[in-house]
Amino acid sequence: MKTVRLRPMRRIILPIVFLMAQRVVIAQEDQTNILTTAAAVRNLTVGQANHHIPVKLHGVVTFYDDALFSRFIQDETAGIYLNETNVPALFPGQLVEVEGFTSPGEYAPIIIPERVRITGIAGLPAARPVTFEQLASGKEDSQFVEVAGIVRSVYFEESSKHYVIELATGGGRLTVYDRDLPPAQARNLVDSTVRIRGVCSSQFNRQRQLFAIRLMVPQADDLTVQIPATADPFSIPEQSMSSLFQFTPQGTYGHRIKISGTVTYFQPGSALYVQDENHGLFVQTKSTVPLQLGEHVEILGFAAPGQYTPALQDATYRQTGASAPPEPAHINRDDALQGDYDCRLIRIEAKLLNHAQDGREQSLALESGGFIFHAYQQAEDGKAYTALQNGSLLAITGICLVEPGDWQAGETWRAKSFRVLLRSPDDVVVLRAPPWWTLEKMLWIAGTLAFVVIVAFTWIAALRRRVVEQTRTIRQQLQVEATLKERYVNLFENANDMVFTHDLNGRITSVNSTGEQLLQRRRDAILSLNLMDLLPEDQHTIARQWLDQVAKNSEPPTVELDFLNTARQRFRLEISTRIIERAGEKSEVESIGRDITERKRLEKEILEVSNREQRRIGHDLHDGICQQLAATTYLIDILADQLQEKACPESAEAGRIGKLINETISQTRSIARGLFPVKLEESGLASALAELAENTTALFKIDCRFTCDPEPPEPENSIALHLYYIAQEGVLNATKHGKATHVTISLTQSNGLLTLAVEDDGIGIQSSTTNRMTGMGIRIMRYRARVIGGTLDLKNRPNHGTQVRCELHLSPKISETRHD
């Protein structure tokens, strides 16, 4: 007996057991290490918070608004942000219990709640006074804080339904969102000194770096006006532009001031430049009230250092008069670099070096006295500047903007550079065009002439080679075309199928020799005929419908039609077509007709053999198996009675066996009737369809009815059998696939046209299920219709049922042979 070594199995099992035990320990530690304070969550590193540590804490809602993606709560330790998952609508002051897990968030650690439960109502926590520097550090993110400052602007943001307040505080600016600010107070809030309580909400980039600060005000009384603004802001004393940022012992820096001046440049909602006799001023404004150059305006704004001279921010204005636009000061480049003309309207002469466009900005590179500077304009269309020629002497009018560079005291200081802000293309005037004969142009012309000579000789040589190659190519193409034409004519004439063309109305325009043989007509006699002249009367309707489909569809359908030769003998052709277009319009149809007379005869014989075999199997089932099962049932009944007389418990089992055999007999008879309808031979098609409706009602428990004319048509047996099977397949589709509750079978005859229809009120043919339009049952129904010379039309009405309609012309039996 061999000894089994267990050491390899131990090496596999022990590590698995160790890992399972380790996971159990970790799960137990996770259940005990639940964070219960907001401060504990905030103290996590990004890596720690990413482990999804369980959290369960109690706190008060300090701010909640989905439009601003702001959901904050605060407990006795700190405030924290909640992600939107599983958070119900909350209100400031609600006490909540939050259960969830940690996440690193996009800036600071946050909580992803799994369950939030409201436990009561409480007041908001005491707001901690903070400075702008503390807010800018990021450590006050999500905390309920208090700041004081001066309101710079107020507007209503339609997307969030909040008033947006720009607040200047402690050397910086932050944005305040307040939903409950009264409109009357909002209109008078600018320049007020206020104290505001709210939740600090940081704005950050993808690198988790803070770039802006927002303050979310939860309640109306969290904004307090300490020093209201002047009721009539334009009533404050006016200051001169020269007095801005000059020394004064009674300075009121931070509040609005009023100045007046003449408009020299205006871009609605963005920038305004004004000037007085000796000074210019840049005004930053969001107002779009239209202004004209030369208008006198009074401006209210907050003084701020500009690039070289002071500027006004968050300004509003009003017109006080109008006059002609001010005359620009004529200066040179030394005057501009001294800085005295900053933000003033100037005129300077310079030579154009180049023109460029950067986005919407049109820029001119200019040179004056050996110094290069730029003039620019914000405009979509820069065509007026592209017409300027480099080297032109220009007179430039615009706003002078000084770039100071390194400043130092003394009269010798000069600015680093300056730019000129253009107001329109009219600010650029050409004083002198550049001289035409320049060294650059002469060299360019000489080079061009040399290039033209070289290109000409090269082109002549290349042209000669191309002529030789093209001549050889044309000869080869002509030879190929002649060969292809000969092959095409040979294929066309000697094709085994009838190849012909006709117009959209059916008039034949060409035919091959096979067509002459099949139709037993000469070609010239065929070309004078229409397709309808070659078809029997009962095929005209089908042919017209087919011609209509050919004219409408880009992919014409294949059709089977009976044709007549000169002896009036029928032969069937399967016709496939192709549309011929000329100049983008359908002009002709190319058709190929394949003689399928023999094939149709063989298919019909095969189908007849199948029907006879079904009939034989149906008779055998009905007269053989069903009779034997009936005799077995009789014997089982006798056995059950005998067992019952002897009080044997097996008598009940024998009774159940008898019932099962009776059910089997019913099912077998149904199969026999399905394989071959006996009623069809005995009483005709109408009686067989009526029996089909009765059996369907009994078997599937639905309403199935049969209707027909008072004198039902009686087609010959072979046609009637195919019609019966078509109706049977339509009923089965309606009950099994269409889930119909009402099915109607109808048989009508009008003007020699026999119509069989099966309609139901089921769900129709659903695209999400197996495609019944191309299923085996549908193909067999179409094939049976073609065998008896009819057409099958299936109309799908999703959720309103399906209609199967078979039509054929009743006519005397005709010969199916053709003339060879």
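The values are calculated or read from the model by the stated rules, or taken from the named source; none is laboratory data. If you're wondering where the values come from, they're calculated on a predicted model, not measured in any experiment. Because the Cβ atoms are built from the backbone with ideal geometry, glycine has one as well, and the counts that use them run over all protein chains shown. To get the accessible areas, we keep the full protein, side chains included, count just its heavy atoms, and leave off ligands, DNA and RNA. Shrake-Rupley method; radii C 1.70, N 1.55, O 1.52, S 1.80 Å.
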**Report entry** Accessible surface of F211 - all protein chains present, 1.4 Å probe, nearest 10 Å²
**Finding:** 130
Report task. Can you spot the lysines whose alpha carbon is less than 22 Å from K286's alpha carbon? Ignore those fewer than 8 places along the same chain. Result -> K161, K258
Query raised in the report: With every protein chain present, what is the per residue accessible area of the chain (1.4 Å probe, Å²)?
Result: 57
Query raised in the report: When ranked by the protection proxy of mean other Cβ atoms within 10 Å per residue, highest first, what sequence do the peptides 452-460, 357-365 form?
Result: 357-365, 452-460
Query raised in the report: What does the highest-first list of 161-172, 385-396 look like by mean Cβ count within 10 Å?
Result: 161-172, 385-396
Query raised in the report: Where does the charge balance sit around R805 when Lys and Arg score +1, Asp and Glu -1, over other residues with C-beta under 14 Å from its C-beta?
Result: -1
Report summary line: Rg (one decimal) and Dmax (whole number) from the Cα set of the range 383-426, in Å, equal 14.9, 44
Query - Of the GluC sites (Glu not before Pro) in the range 49-155, those whose Cβ has at most 10 other Cβ within 10 Å and which sit in DSSP loop - result: E84
Report summary line: Summed over the other residues with a beta carbon less than 12 angstrom from that of N278, with K and R at +1 and D and E at -1, the charge totals -3
Query raised in the report: What trypsin sites (Lys or Arg not before Pro) does the range 464-535 have in DSSP loop regions with at most 10 other beta carbons within 10 Å?
Result: R522
**Report entry** P(r) tail fraction, the chain - alpha-carbon pairs more than 48 Å apart, %
**Finding:** 65
Requested in this report: Show which lysines lie in cross-link reach of K586 when reach means a straight Cα distance below 21 angstrom and same-chain residues fewer than eight apart are skipped.
Outcome: K552
Report summary line: Here the relative contact order (percent) of the range 175-231, from C-alpha pairs under 8 Å and at least 6 apart, is 47
Requested in this report: Taking the Cβ of T316 as the centre, find all other residues whose Cβ is under 10 Å away and add up their charges (Lys, Arg: +1; Asp, Glu: -1).
Outcome: +1
Report task. May I ask you to compute the full-extension gain from A126 to V452, defined as 0.36 nm times their residue separation minus their alpha-carbon distance, rounded to one decimal in nm? Result -> 108.7 nm
Query raised in the report: If you take the Cα atoms of the range 344-423, find Rg, then find the Kirkwood Rh from the mean of 1/r over all pairs, what is Rg/Rh?
Result: 1.01
Query - Spatially proximal lysines relative to K441 (Cα-Cα < 21 Å; intrachain offsets below 8 disregarded) - result: K351
Query raised in the report: Helix hunt in the chain: which complete DSSP H runs extend at least 15 Å axially by C-alpha with mean Kyte-Doolittle at least 0.5?
Result: 685-700, 717-732
Query raised in the report: Out of the range 542-602, which trypsin sites (Lys or Arg not before Pro) are coil in DSSP terms and have no more than 14 other C-beta atoms within 10 Å?
Result: R568
Report summary line: Sorted on mean Cβ neighbours within 10 Å (highest first), peptides 729-738, 297-306 come out as 729-738, 297-306
Requested in this report: Tell me the label-point distance for the pair N43, T509, using the 7 Å Cα-to-Cβ offset, in nm and rounded to one decimal.
Outcome: 9.3
